[in-house]
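Colleague: Quick one: structure below, then a few questions.
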Amino acid sequence: MIGQVIINGLLNGFVYALVAVGLTLTWGVMDIINFAHGEFLLWGMYGAFWIWALVGLDPLISLPIVVVLIFGLGVLTYLIVIRRVLNAQGLTALLATFGLSMVLKNLTQFFWTANYKNVTTPLVGSKSIKIAGLFIRQDYLVAAVGALLLTFAVMVFIDKTKTGVAIKATSMNKAAAQLMGIDTGKIFAITFGLSGACVGAAASLMASFTPIYPEACALYSTLAFVIVALGGFGNIKGALYAGVLIGIVESVGGYLIGTSFKYLVVFLIYLVVIQIRPRGLFGW
Amino acid sequence: MLKVRNLKLGYDNVPVIFDVSLDVKEKEVVSIVGSNGAGKSTILRGLSGLIKPMAGTIEFMGENINKIPAHKLVEMGIAHVPEGRQLFGKLTVRENLMMGAYVLKDEATKKDALDQVYALFPRLKERESQPAETFSGGEQQMLAIARGLMSRPKLLMIDEMSLGLAPVLVDKVMDSLKVIRTTGITVLIVEQKVKEALELADRGYVLASGRILQTGTSAELLESDIVKKAYLGM
């Protein structure tokens, strides 16, 4: 039974990790804490839902489209909001993203009402397959594997491509990056887009089995903040490990203490870790 | 190549450099010397576009570059090796160098540039996969200069390359500049070590409190009373 509980947590954890990877990118590279990150996820889910409802494309098939759309939302957010507050003093940037999250959430309700929307005919159903005595839901498995692959893809992009290394260089030393001929404004726009692309992908992977409504993102976005803090700001690998850790803790905690207390365990761990290691478990 | 007229620079509208004019001709090595706080680094930051002029003009290759952003100036041929190296510490030597070559489009040119700096600093090749932050001060300075050369600049500007280096390393780094100048690159250096800098350069400018005090050939400056008294302790 505990094996079953761990596998459930693990599958959730990979999806949490992908959402957190997006958040850790903007946090680590630009020092921007994007409170609207969860709303990016939300808009990704609605994007996936409406493409399914209007054109009939399953969220898993329309994933590339949603990724591009939310990448665009990220770039636009940078150009319209973030760019203006990047060098502002104190909490300006924080308040700007907080305001943006309010605007996006309320626009969601305004456009699409507060009612639940569901993708009722998903491509991959909720049937379970049995592997080594464990029951694994097919749709969860597809989402988890997809999230893991995409997290690796982001890692490879950051480590191996010219633009990826330029993102790292800019995060280490912005002025020096400019002296290399790197257009740091463009790098920031790409980083914000990439951050959006991560949640766009996560949204598509989850849209088949998650009820979609304006508050659907709240849990994921709160957990993403915890995961980023545990994993170390800007640390993609850290976000992956911490995402898996949180997924398993949530699941095992719920099993041992009771489902209503599972987040108590998650946030307790968070509080303890930041007391002992403020840079997170895997921080630089 | 570089023509600066009545340049005024500062931070947050507080000027640090007042009315500075200077010229750098092609294939020259020119040095700006002066004590700590004279404003030498600020001049280089202005020339590379990191800060924008409050007044005056900067012309590079006949074009006014006052308003051109820093990253575009690299493409035009200005490389700035900043004070304190400013390496990308977590990146490897090779990654640092490839960031230096960021503006080069074609792979063959990048490879050429890499071979060239490795020939100049063989030590870097031996340790190309090591993170830059694990290097000693002298090695870091060599890497910083090499990174600056990777963009194939027409004008290489180096800020305080002797800072924090043991005398034997200062000589070594200065020697590398002698090799660099034979490749036809124009060099502008900014230094607190007045004697060493002037011995290396063709001409020099003496800067104090944001103004140019004196200019001339290096030989003239080394013999002048101001330099002897204020900087060489003679």
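Here, each number is a calculation from the coordinates, and none is a lab measurement. Computed from a prediction, not measured in an experiment: that's the story for all the values here. Cβ atoms come from the backbone with ideal geometry, glycine included; neighbour counts cover every protein chain shown.
Colleague: Please state the charge dipole magnitude for the stretch A:2-276, taken about the Cα centre, from unit charges on C-beta atoms (+1 on K and R, -1 on D and E), reported in debye and rounded to the nearest 20. Walk me through the intermediate numbers first.
Modeller: Details: 14 positive and 8 negative charges, 53 e Å.
Approximately 260 debye in magnitude.
Colleague: I've got another one for you. Excluding same-chain residues fewer than 8 positions from residue B:229, which lysines have a Cα within less than 26 Å of its Cα?
Modeller: Filter leaves B:40, B:193, B:195.
Colleague: How far, in degrees from 0 to 90, does helix B:107-120 lean away from the longest principal axis of the Cα atoms of chain B, to the nearest 10?
Modeller: 70 degrees
Colleague: Further, regarding this structure: Considering only Cα-Cα distances, which of the following residue pairs are longer than 21 Å: A:162/B:111; B:67/B:178; B:72/B:105; B:72/B:172? Each step should come with its number before you reach the end.
Modeller: Working: A:162/B:111 15 Å; B:67/B:178 32 Å; B:72/B:105 14 Å; B:72/B:172 31 Å.
Over 21 Å Cα-Cα: B:67/B:178; B:72/B:172.
Colleague: Now a separate question. As a test, work out the antiparallel percent of DSSP beta bridges whose residues both lie in chain B, rounded to the nearest 5.
Modeller: Numbers: 21 of 39 bridges.
Looking only at bridges with both residues in chain B, the antiparallel portion is about 55 percent.
Colleague: Please check: in the Gaussian network model of chain A (C-alpha springs, under 10 Å), which one of A:239, A:218, A:201 has the largest mean-square fluctuation.
Modeller: A:218
Colleague: Over the stretch A:142-284, one equal point on each Cα, no solvent: what is log10 I(q)/I(0) by the Debye formula at q = 0.15 Å⁻¹?
Modeller: Debye curve over Cα of the stretch A:142-284, log10 I(q)/I(0) at q = 0.15 Å⁻¹: -0.88.
Colleague: For the stretch A:2-276, what class follows from the C-alpha gyration tensor (a ≥ b ≥ c being the square roots of its eigenvalues): rounded when a/c is under 1.5, otherwise prolate if a/b is larger than b/c, else oblate?
Modeller: Because a/c hits 1.5 or more and a/b exceeds b/c, the stretch A:2-276 counts as prolate.
Colleague: Counting only helical runs of four or more DSSP H residues, what would the 222 nm mean residue ellipticity of chain B come to if each run contributes -39,500 (n - 2.57) and the total is spread over all its residues?
Modeller: Per the formula, -11000 deg cm²/dmol.
Colleague: What is the order of A:50, A:27, fewest Cβ neighbours within 10 Å to most?
Modeller: Values: A:50 16, A:27 25.
Fewest to most other Cβ atoms nearby, the residues stand as A:50, A:27.
Colleague: Still on this structure, I have one more. Among the aspartates and glutamates, which have Cα under 17 Å from the Cα of residue B:110 when same-chain residues fewer than 8 positions away are ignored?
Modeller: Cα-Cα hits under 17 Å: B:75, B:95, B:128.
Colleague: Subtract the Cα-Cα distance of residue B:64 and residue B:134 from 0.36 nm times their separation in residues, and report this length gain in nm to one decimal.
Modeller: That works out to 21.2 nm of additional length.
Colleague: Excluding same-chain residues fewer than 8 positions from residue A:130, which lysines have a Cα within less than 28 Å of its Cα?
Modeller: A:262
Colleague: Right, next: Write out the chymotrypsin sites (Phe, Trp or Tyr not before Pro) in the stretch A:109-182 meeting two conditions: DSSP loop, and at most 16 other Cβ atoms within 10 Å of their Cβ.
Modeller: A:116
Colleague: Rounded, prolate or oblate: which fits the protein assembly as shown, taking a ≥ b ≥ c as square roots of the Cα gyration tensor eigenvalues, rounded meaning a/c under 1.5, else prolate when a/b beats b/c?
Modeller: Prolate, since a/c reaches 1.5 and a/b exceeds b/c.
Colleague: Points 7 angstrom from Cα along the Cβ direction at residue A:76 and residue A:237: gap in nanometres?
Modeller: The modelled label-to-label distance comes out at 3.7 nm.
Colleague: Under a GNM of chain A (C-alpha, springs under 10 Å), which listed residue has the highest mean-square fluctuation: A:204, A:260, A:128?
Modeller: A:260
Colleague: Ok, one more. Kindly state, to the nearest 0.05, the FRET efficiency for residue B:109 paired with residue A:89, given R0 = 60 Å and r defined as their beta-carbon distance.
Modeller: Calculated transfer efficiency: 0.90.
Colleague: Here's something else I'd like to know. Using a Förster radius of 25 Å, what is the FRET efficiency between residue A:31 and residue A:219 based on their Cβ-Cβ separation? Nearest 0.05, please.
Modeller: Result of the calculation: an efficiency of 0.50.
Colleague: Also: Quick one: angle between helix B:137-149 and the longest Cα principal axis of chain B, in degrees between 0 and 90, rounded to 10, please.
Modeller: That helix lies at roughly 90 degrees to the long axis.
Colleague: Which loop-located trypsin sites (Lys or Arg not before Pro) does the stretch A:101-147 contain, where loop means any DSSP state but H, G, I, E or B and the Cβ has at most 14 other Cβ atoms within 10 Å?
Modeller: Filter output for the stretch A:101-147: A:127.
Colleague: Compute the helix-to-body angle for A:218-231: its Cα long axis versus the longest principal axis of chain A, expressed 0 to 90° and rounded to tens.
Modeller: For helix A:218-231, the angle is close to 60 degrees.
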